[in-house]
Amino acid sequence: MTCAGRGRSNRCHTGFPGSASWRSDRDEIKLVNKPWQPDQEFEKRIASRLLDVLIRAGLIGVLAALCYVVFAPFMTLMAWALILAITLYPLHRSLARKIGGRQGLAATIVVISGGLLIVTPTALLMNSFGSSIHDFVSAVQHNTLEIPAPRKGIEEWPIVGKRIHDVWSKAHTDLPGVVESMQPKIGELARKALSIVASIGLGMLQFLASFIIAGILMAYGEAGTRGSRAIFERVVGRERGGSFARLSTATIRAVAQGVIGIAFVQATLVGLALVVAGVPWAGVLAAITLVLSVAQVPALIVILPSIGYIWWSGNYSNGAAIAYTILLLLSGMADNVLKPLMLGRGVDAPMPVVLLGALGGMATGGILGMFVGATLLALGYQIFMSWVASNPDSNAAAPKTDSEETT
């Protein structure tokens, strides 16, 4: 028996040199010393599969980009429809139960009622506003507009009184000359006003279309609820999917209810201020304020003409005109105080989170951004707090106190 104790192997060889066992061990030592050679067949299979994955991922990316391009023109419309459907779905379910569970009929009633209550008054208001601007421009162009003489005491106003009195007096005596001197500014102002009216009209058409789509979504509300829950469960897991879906729904409804509640309160305050100031048609102007506030259009559209009436009618003293102007301006800006108080109620997230999301979203994306911003920030807050709560060190044993160590 021979033992190779000094070499690479300490194995003992049984047999003599040249025997079968000796040759087998010698071949094994040669295989160990032979350099490693890669398996080319295995590498080819890995490369082929990786190429297949990349091609499939690229095709899926191209398909997603094409789908986005096709769907992009309807993105705003569908977002509004989804918000309206989520907001009005409890009303739709209550109405469907009262008429025997007919989902389609209930959705039709909700859509028609919403169109009559919101779209029709707004459309009439915008039509009247556009006609007023057109008549004003026509009167200025044909020199048929008459400017009354400035009231006494305007010249005594601090800082701006003398300038206002001079321009007013010149417009009273020589309106064509004033118009000619201010022609570029007047033309630009008229174009901006007409463009605002046109944009509001287009927005109303989009709102009406989204209302109709929301009715279709409400008619299939049960299937939509299951689908949205399945999407959240697929994204964030089965354990948190249901809670995230409920949070999104509650946030959208809270923002919508806050907007409507704020609109009612502001319309009431503006109406009371108009009644106190003695402005004609106070009830009609309050209803117009309600519709504009729901659409997130500033109430100053109603307030400023009313202030102009107070100053131009000649029925108020300077002190009363100043007091009523301040009262109307305060009532018109009441929504800035009411939003922090009424937004975010009933949501499983702190009110500042919902408020910041709504205000930041509205600053970047208008009224639609208000809903999207509040929902995204509420979801982000819940995800962050869930991550904080899942700290593995939170369940660690607390350090012993001095009394525990002595015992």
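At pLDDT below 80 and not aromatic (Phe, Trp, Tyr): does that describe GLY278? I'd like the intermediate steps shown before the answer.
Numbers: at pLDDT below 80: no; not aromatic (Phe, Trp, Tyr): yes.
Judged against the criteria, GLY278 is not a match.
Conditions first: (1) assigned to a helix (DSSP H, G or I); (2) out of contact with any Asp or Glu (no Cβ under 7 Å at 6 or more places or on another chain); (3) closer than 28 Å to LEU376 by Cβ; (4) β-branched (Val, Ile, Thr). VAL276 passes all but one, so which condition is the exception?
Single failed check for VAL276: (3).
Within the range 253-269, track down each residue that is crowded, with 22+ Cβ neighbours inside 10 Å and either more than 16 Å from ALA299 (Cβ to Cβ) or outside the structural domain of LEU285 (by TED's automatic domain parsing) (or both).
Once the filter is applied, which keeps residues that are crowded, with 22+ Cβ neighbours inside 10 Å and either more than 16 Å from ALA299 (Cβ to Cβ) or outside the structural domain of LEU285 (by TED's automatic domain parsing) (or both), the range 253-269 yields ALA254, VAL255, GLY258.
Restricted to the range 213-235, and to residues that are within 23 Å of the chain's Cα centre (by Cα) and surrounded by 18 or more Cβ atoms within 10 Å (Cβ to Cβ), which residue is farthest from GLY104 (Cα to Cα)?
Among residues in the range 213-235 that are within 23 Å of the chain's Cα centre (by Cα) and surrounded by 18 or more Cβ atoms within 10 Å (Cβ to Cβ), the one farthest from GLY104 (Cα to Cα) is PHE232.
Kindly indicate whether any position in the range 166-189 is modelled with pLDDT of 70 or more, closer than 21 Å to TYR309 by Cβ and among the aromatic types (Phe, Trp, Tyr).
Yes, some residue in the range 166-189 is modelled with pLDDT of 70 or more, closer than 21 Å to TYR309 by Cβ and among the aromatic types (Phe, Trp, Tyr).
Six or more apart or on different chains, Cβ under 7 Å: which pairs go from a residue in the range 315-330 that's under 21 Å from PRO148 (Cβ atoms) to one that's hydrophobic (A, V, I, L, M, F, W, C)? Could you list them?
Pairs found: TYR316/ILE310; ALA321/ILE310; ALA321/TRP311; TYR324/ALA277; TYR324/ILE310; THR325/ILE307; THR325/ILE310.
Within the range 83-91, is even one residue of a type outside the set (Asp, Glu), touching a Ser or Thr at 6+ places or on another chain (Cβ under 8 Å) and surrounded by 10 or more Cβ atoms within 10 Å (Cβ to Cβ)?
So far as the range 83-91 goes, yes, one or more of its residues are of a type outside the set (Asp, Glu), touching a Ser or Thr at 6+ places or on another chain (Cβ under 8 Å) and surrounded by 10 or more Cβ atoms within 10 Å (Cβ to Cβ).
If only one of ILE83, ILE60 is outside any loop (DSSP other than H, G, I, E, B) and modelled with pLDDT of 90 or more, which one is it? Break it down into steps so the answer makes sense when it comes.
Values: ILE83 fails: modelled with pLDDT of 90 or more.
From the options ILE83, ILE60, the qualifying one is ILE60.
The values are calculated or read from the model by the stated rules, or taken from the named source; none is laboratory data. Computed from a predicted model, the values in this text were never measured in an experiment. Neighbour counts run over all protein chains shown; Cβ positions are idealised from the backbone, glycine included.
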